[in-house]
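Scroll down for the structure; my scribbles are underneath it.
The values are calculated or read from the model by the stated rules, or taken from the named source; none is laboratory data. In this text the structure is predicted, and so the values were computed from the model without any measurement. Please note: Cβ atoms are built from the backbone with ideal geometry, for glycine as well, and neighbour counts cover all protein chains shown. Accessible surface areas use protein heavy atoms only, side chains included; no ligands, DNA or RNA. Shrake-Rupley method; radii C 1.70, N 1.55, O 1.52, S 1.80 Å.
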Amino acid sequence: MPKNKITVISWVSGSGKSTLAFSTIYKEWQFRYIESLSTYLRWFFNLGDRPDMDYSEGLSPAIAIEQNKRVWNKRSTVWTLTETDDYLRLAFAKLGEIYCYNCWAHIKSHTVDEIVNDIFEDFWSSSEWQNKIWLLSKKQEFSDPKKLAKFFRKNQKAIDQSNGFTQILVKWKDFSAVYFYLEEPHFDKSHMPVEVYWIYDKITLKDSNKHRLQEDLIKLFATNDEIYVAKYTEDLSGDLDLKSYTIYSYCSNCNIHFPEYTPAHFSPNRVEGACEVCKWTWETLQVDFEKIIDENQPVKNAILPWRDSTLGQKILQKLSIEYGFNLDVKWKNLDEEIKDIILNWDNSLLRINLWWKYMSLYYKGVEEIIKDQYERWMLTRDFQAMVEFKTCPKCKGKKLNDFALSVEVWRDAEEVRRESKLKKSSLQTSLNSSDLKKDISYFQNLSISELIEELENLKFPKEKKQLASRIISPLLDKLKTIQDLGLGYLTLSRQVDTLSGGEIQRLRLAKQLWNKLSGIIYVLDEPTIWLDEEESFKTIQAIKQLKKLWNTIIVVEHNEDFIKNADYIIEIWPGAGDFGWQVVFEWTIDKFLKSNTLTASYVTWKKQIQVNIPEPTIKDKYIEVKKAHKHNLKNIDVKIPLGAFTIITGPSWAGKTTLLYDIVYKFFESKESITQAYIRMQLMKQGYSWTEIMNKQLVNPSDYAKYEKEALTKFFHEELEVDTIVGYEFVKNYVYIDQSAIGKNPRSCPSTFIGVWDDIRELFASTKEAKMYGMTSSYFSFNSTKWACQECKGYGYKKIELQFLPDTYVECELCHGKRFKPEVLNIYWNGKNVADILDMYVEDALDFFSELPHIREKLQLMVDIGLGYLKMGQPAHTLSGWESQRLKLVKNLLKKYKGHTIYFLDEPTVGLHFVDIEKLLNILWRFLARGDTIVMIEHDKNLLKFAHKVIRLENGEVVLDT
């Protein structure tokens with residue numbers, strides 16, 4: 001592979017492309033790096049076996065940028081993945097201004113020197129005898145004369161102990177007085193309230209006294225958050241000129257202390273910044289009282305979850321005795337105060353006789369008890385629907401506490417006016433401070449494109465401009481790099497687990513672009529997947545930028561546009577798995593395009609995918625979605641024909657997944673359960689008990705239709721955010737086929753997943769030897785605790801936990817990976833035992849069982865879809881996402897559904913070569929031939945041309961429907 005060039009490795013799925021790029025080149029560099037470390041440090045790394053190779057040279061430091069989605073922490077967001085929020089938090093810590101979250105007063109801290117200058121400016125007079133001031137501390141307010149007298153006596157005792165103040169200033173209404181500590185003022189209630197200040201010092205304002213004033217302020221601020229200054233006067237009958245000063249971020253109006261802000265105060269993942277209620281999660285568990293309370297029922301029956309609850313009824317009886325209300329009164333006629341006690345809390349200790357035992361509990365209200373029951377899984381499914389996670393009432397979904405949200409920056413007024421389309425003359429009357437001041441959550445919830453525009457239009461004071469430039473400029477560079485990769489629609493606050501694998505890979509690629517490293521080997525895994533043509537072009541240009549920095553790029557890719565932009569091509573064939581691994585082409589792109597290799601033939605259009613997709617078998621029947629406006633969809637109408645092949649395509653963030661999965665699929669998935677739950681709730685409100693509802697038929701067909709319509713109308717508007725969905729009555733079955741794993745442990749394998757292993761077990765149980773020993777088909781199941789290997793429990797491998805290192809699997813020492821006891825392994829069919837069958841490739845197993853139609857049919861489907869290279873017993877956790885997806889297609893082809901079936905697929909061509917796509921289309925043809933409906937999200941133009949209908953979305957709108 002040439003250095004400082006882009007090399008593409010291509011061929012069919014499973015041929016070893018990723019093994020060469022990631023498990024050989026990248027992993028070999030990891031081993032060489034670790035070998036340079038000390039022996040002690042090597043113990044902390046677990047890379048498994050070293051790549052099996054004879055020789056390699058020219059390796060540079062390598063970075064792998066994969067597209068696989070691992071399990072992300074719920075705290076992980078776009079800003080934590082890209083580290084862009086570090087700059088934004090730093091900007092607010094250093095450049096923001098504090099506004100009290102309670103009274104919205106501007107909070108500003110000062111140094112002692114600044115306060116001295118302010119005092120001179122505020123109280124200086126040309127006449128020296130008018131330049132005298134009082135320094136005051138500890139403002140206190142009294143509304144009771146007795147408490148005021150007690151305060152003076154306490155100060156007298158403090159003077160005796162050398163702690164008090166000799167002079168005290170008392171201010172009430174428009175009059176003030178100074179008292180010596182031995183004096184005791186006489187005030188009655190007519191004088192109240194009064195304000196009391198301790199007089200710390202009397203100073204004449206002149207240059208020679210500046211040092212004295214500084215020392216006084218330092219001593220005062222050591223014990224006071226705020227000090228006061230008043231102009232000294234002999235006549236105290238008028239209004240006293242009094243001003244406050246502080247060196248702290250302190251609101252005197254609300255007595256709130258603000259911290260010395262650091263970036264940690266703006267992070268929801270840190271104690272300093274997290275919301276105290278939701279603890280950074282932005283949502284809290286809340287009870288929907290509109291659902292659980294039936295106002296037309298008596299109090300004892302009004303709280304639906306407590307209607308059949310012994311504990312709930314006992315609590316209500318105890319509260320009725322305690323507060324004197326009648327349980328037979330309708331809830332709507334109950335006093336609001338009593339309602340509040342029942343729903344919220346009174347924290348009283350209740351002693352309840354429950355099941356012949358007495359129990360004591362502090363009553364905290366219906367909401368807290370139901371939430372506790374929900375968390376303990378003590379509520380039925382219907383009542384669980386009444387408790388849901390909603391936006392945190394404290395932070396309003398911003399995840400941050402009041403202190404973090406008190407810091408704001410100023411936006412450019414001209415920019416705000418332009419956004420609001422206001423005339424210049426209307427600035428003062430039409431724009432208020434809330435339009436111009438924004439906290440950090442405002443910027444975090446903007447799209448990256450909008451954020452760039454906002455940051456470019458921020459305004460800072462002259463003294464902060466240089467610091468702002470040092471913080472904002474690198475942040476803008478990073479954001480613009482992400483935008484150039486076509487991800488300008490993402491927000492910094494978006495959770496990583498909601499991103500596609502392609503979006504995650506491009507974010508990682510952006511990180512490498514702004515690092516501007518040179519001499520690196522970058523290994524990428526299909527960077528153009530999930531992208532439409534325009535986004536693919538942007539990604540290709542970004543990777544070329546990496547090459548210009550003298551880096552070597554190795555890419556596993558099938559996209560023909562990417563291949564044409566490469567410098568060097570490696571093609572591996574003739575097959576996949578152990579049938580592949582032969583390099584048939586290794587040369588420059590010019591030579592490749594002139595060659596006759598299979599990949600080159602597809603790229604140059606000498607060869608094209610040829611599949612005869614049948615015409616739709618159903619006429620004039622559709623699933624119609626009307627006025628969909630969920631997320632970024634803009635009131636669109638969509639018709640999906642039944643019995644046809646429909647593709648939804650478009651750029652990222654166009655609304656494809658929202659339409660297909662969040663609306664259409666979710667509707668089919670939840671339709672029945674939503675209807676049933678609604679009917680049960682209506683019956684409960686009619687007075688039926690839970691036992692009656694579950695054991696009797698209480699609804700006739702006409703009422704059922706009415707309830708179904710009401711339930712679905714509510715579901716359409718509140719959850720799916722559409723006006724209506726029609727045509728669903730024609731569909732009886734729905735299947736979502738994604739790339740999630742078919743199993744999570746080594747015992748799951750392709751043969752068990754598609755059901756062929758059950759047939760093979762029956763076959764072995766029918767042999768003479770098995771019948772002689774009384775063996776049934778259960779003996780040949782590696783899930784059997786009796787006949788599977790006792791050491792590995794039928795896994796064939798043992799899981800080894802390495803404490804701080806990743807867990808690993810090693811071959812079982814007892815059965816050597818064969819999974820069964822010797823008694824089972826001694827049973828043969830045509831010279832093979834069950835372990836031999838599990839170790840066969842699917843293609844070999846097809847030949848082996850060619851005379852058994854019921855087994856041959858299932859294996860033939862796997863071969864037809866391109867999975868003949870898999871082993872029959874290959875552990876499920878070693879399968880890729882696209883292998884799992886194709887196995888699910890096989891399984892569903894083997895099923896015999898009653899009624900019409902609709903299949904939902906999400907990007908099924910991910911990881912597929914042109915040859916694989918042709919095999920996929922042949923399988924989809926079989927679904928269509930039996931009258932089923934296929935709807936998928938897809939960008940590959942090799943698939944788009946075969947669809948009966950293509951719906952293209954852009955920015956939440958339908959731009960093509962043909």
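Exactly one of these conditions fails for L879: (1) farther than 15 Å from Q739 by Cα; (2) in contact with a helix residue (DSSP H, G or I) (Cβ under 8 Å, 6 or more places away or on another chain). Give me its number.
Checking L879 against (1) farther than 15 Å from Q739 by Cα; (2) in contact with a helix residue (DSSP H, G or I) (Cβ under 8 Å, 6 or more places away or on another chain), the one that fails is (1).
What number of residues in region 767-792 are without any contact (Cβ under 8 Å) to a residue 12 or more places away in the chain and open to solvent by 90 Å² or more (accessible area, probe 1.4 Å)?
5
Mind listing just one residue for me: the one in region 147-182 that is more than 58 Å from the chain's Cα centre (by Cα), part of a loop (DSSP other than H, G, I, E, B) and closer than 20 Å to T233 by Cα and, of those, modelled with the lowest pLDDT?
Y181
Considering region 893-908 alone, what residues qualify as being within 35 Å of the chain's Cα centre (by Cα) and of a type in the set (S, T, Y)?
T901, Y903
Between a residue in region 891-907 that is closer than 17 Å to K621 by Cβ and any residue that is assigned to a strand (DSSP E or B) and open to solvent by 40 Å² or more (accessible area, probe 1.4 Å), which pairs come within a Cβ distance under 7 Å, given they are 6 or more apart or on different chains?
Between residues of region 891-907 that are closer than 17 Å to K621 by Cβ and residues that are assigned to a strand (DSSP E or B) and open to solvent by 40 Å² or more (accessible area, probe 1.4 Å), the close pairs are I902/Y734.
When you look at F914, is it under 18 Å from N559 (Cβ atoms) and among the aromatic types (F, W, Y), yes or no? Can you show your working first?
Working: under 18 Å from N559 (Cβ atoms): yes; among the aromatic types (F, W, Y): yes.
Yes: the conditions hold for F914.
Taking the criterion of being charged (D, E, K, R) and assigned to a helix (DSSP H, G or I), would at least one residue in region 316-325 satisfy it? Write out each step before concluding.
Within region 316-325, the first condition is being charged (D, E, K, R), and the residues that meet it are 318, 322.
Right, trim to assigned to a helix (DSSP H, G or I) and you get 318, 322.
Yes, because at least one residue in region 316-325 is charged (D, E, K, R) and assigned to a helix (DSSP H, G or I).
Quick check on region 378-425: of everything there that is part of a helix (DSSP H, G or I) and open to solvent by 50 Å² or more (accessible area, probe 1.4 Å), which residue is modelled with the highest pLDDT? Give the derivation first.
Start the filter on region 378-425 by keeping residues that are part of a helix (DSSP H, G or I), which leaves 381-384, 402-405, 413-420, 424-425.
Adding the requirement that they be open to solvent by 50 Å² or more (accessible area, probe 1.4 Å) leaves 381, 403, 414, 418-420, 424-425.
Numbers: R381: 67, F403: 93, E414: 57, R418: 57, E419: 51, S420: 52, K424: 41, S425: 39.
If we take residues in region 378-425 being part of a helix (DSSP H, G or I) and open to solvent by 50 Å² or more (accessible area, probe 1.4 Å), then F403 is modelled with the highest pLDDT.
Could you count how many residues in region 290-315 are in a helix (DSSP H, G or I) and in contact (Cβ under 8 Å) with a residue 60 or more places away in the chain? Reasoning before the result, please.
Within region 290-315, the subset in a helix (DSSP H, G or I) is 290-292, 299-302, 304-306, 310-315.
Narrowing the set further to residues that are in contact (Cβ under 8 Å) with a residue 60 or more places away in the chain leaves 291-292, 301, 304-306.
Number satisfying all stated conditions: 6.
Counting only residues that are in contact (Cβ under 8 Å) with a residue 12 or more places away in the chain, of a type outside the set (S, T, N, Q), open to solvent by 50 Å² or more (accessible area, probe 1.4 Å) and out of contact with any Lys or Arg (no Cβ under 7 Å at 6 or more places or on another chain), how many does region 330-348 have? It would help to see each step written out before you state the result.
Of region 330-348, the ones in contact (Cβ under 8 Å) with a residue 12 or more places away in the chain are 330-332, 334, 338, 341-348.
Checking which are of a type outside the set (S, T, N, Q) leaves us with 330-332, 334, 338, 341-343, 345-346.
Filter once more, keeping what is open to solvent by 50 Å² or more (accessible area, probe 1.4 Å): 330, 332, 345.
Subset that is out of contact with any Lys or Arg (no Cβ under 7 Å at 6 or more places or on another chain): 330, 332.
Residues that pass the stated criteria total 2.
Which pairs turn up if I take residues in region 607-636 that are open to solvent by 30 Å² or more (accessible area, probe 1.4 Å) and look for partners that are polar (S, T, N, Q) and assigned to a strand (DSSP E or B) with beta carbon separation below 6 Å, at least 6 apart in sequence or on another chain?
Between residues of region 607-636 that are open to solvent by 30 Å² or more (accessible area, probe 1.4 Å) and residues that are polar (S, T, N, Q) and assigned to a strand (DSSP E or B), the close pairs are K626/T724.
A quick yes/no check of all residues on (1) without any contact (Cβ under 8 Å) to a residue 60 or more places away in the chain; (2) touching an Asp or Glu at 6+ places or on another chain (Cβ under 6 Å):
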residue	(1), (2)
P651	no, yes
G655	no, no
L660	no, no
F667	no, no
T675	yes, yes
R680	no, yes
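Determine whether V584 is aliphatic (A, V, I, L, M) and modelled with pLDDT under 90. Steps first, answer last, please.
Numbers: aliphatic (A, V, I, L, M): yes; modelled with pLDDT under 90: yes.
When the stated conditions are applied, V584 passes them.
Could you list, ordered by first residue, the pairs with Cβ atoms under 8 Å in which the first is in region 123-146 and closer than 23 Å to K219 by Cα and at pLDDT below 80 and the second is of a type in the set (K, R) and open to solvent by 20 Å² or more (accessible area, probe 1.4 Å), at least 6 apart or interchain?
Correct list of pairs: N131/K206.
Can you find a residue that is surrounded by fewer than 17 Cβ atoms within 10 Å (Cβ to Cβ) and in contact with a Ser or Thr (Cβ under 6 Å, 6 or more places away or on another chain) anywhere in region 204-215?
First, the residues of region 204-215 that are surrounded by fewer than 17 Cβ atoms within 10 Å (Cβ to Cβ): 204, 206-212, 214-215.
Next, only the ones that are in contact with a Ser or Thr (Cβ under 6 Å, 6 or more places away or on another chain) stay: none.
Checked region 204-215: no residue is surrounded by fewer than 17 Cβ atoms within 10 Å (Cβ to Cβ) and in contact with a Ser or Thr (Cβ under 6 Å, 6 or more places away or on another chain).
Quick one: how many residues across region 852-863 are closer than 26 Å to L921 by Cβ and open to solvent by 20 Å² or more (accessible area, probe 1.4 Å)?
Summing the residues that are closer than 26 Å to L921 by Cβ and open to solvent by 20 Å² or more (accessible area, probe 1.4 Å) in region 852-863 gives 6.
Could you say which residue among L531, L499, L487, L524 is farther than 22 Å from N565 by Cβ and surrounded by 22 or more Cβ atoms within 10 Å (Cβ to Cβ)? Explain how you work it out, then say what you get.
On the way: L531 fails: farther than 22 Å from N565 by Cβ; L487 fails: farther than 22 Å from N565 by Cβ; L524 fails: farther than 22 Å from N565 by Cβ.
Every option except L499 fails the conditions.
Within region 543-559, take every residue that is crowded, with 19+ Cβ neighbours inside 10 Å and more than 19 Å from G16 (Cα to Cα) and give me the one that is nearest to the chain's Cα centre (by Cα).
Keep residues of region 543-559 that are crowded, with 19+ Cβ neighbours inside 10 Å, which gives 543, 546, 551-559.
Applying the additional criterion that residues be more than 19 Å from G16 (Cα to Cα) yields 543, 546, 551-552.
Numbers: I543: 28, L546: 30, N551: 33, T552: 34 Å.
Among them, the one singled out is I543.
Out of curiosity, is S252 of a type in the set (G, A, S), open to solvent by less than 40 Å² (accessible area, probe 1.4 Å) and over 19 Å from Q167 (Cβ atoms)?
Numbers: of a type in the set (G, A, S): yes; open to solvent by less than 40 Å² (accessible area, probe 1.4 Å): no; over 19 Å from Q167 (Cβ atoms): yes.
No; evaluated as a whole, the condition is false for this residue.
Name the residues in region 436-455 that are assigned to a loop (DSSP other than H, G, I, E, B) and in contact with a Phe, Trp or Tyr (Cβ under 9 Å, 6 or more places away or on another chain), would you? Before the answer, list the steps.
Initial filter on region 436-455 (assigned to a loop (DSSP other than H, G, I, E, B)): 439, 445-446.
Passing the criteria: only D439.
Taking the criterion of being surrounded by fewer than 16 Cβ atoms within 10 Å (Cβ to Cβ), in contact with a Lys or Arg (Cβ under 9 Å, 6 or more places away or on another chain) and in a helix (DSSP H, G or I), would at least one residue in region 83-106 satisfy it?
For region 83-106, residues surrounded by fewer than 16 Cβ atoms within 10 Å (Cβ to Cβ), in contact with a Lys or Arg (Cβ under 9 Å, 6 or more places away or on another chain) and in a helix (DSSP H, G or I): present.
Among the residues of region 742-756, write down those that are part of a loop (DSSP other than H, G, I, E, B) and surrounded by 15 or more Cβ atoms within 10 Å (Cβ to Cβ).
Within region 742-756, the subset part of a loop (DSSP other than H, G, I, E, B) is 742-749, 754-755.
Residues satisfying the conditions are I742, G743, P746, R747, S748, C749, I754.
Among the residues of region 471-484, count how many are surrounded by 18 or more Cβ atoms within 10 Å (Cβ to Cβ) and of a type in the set (S, T, N, Q).
2
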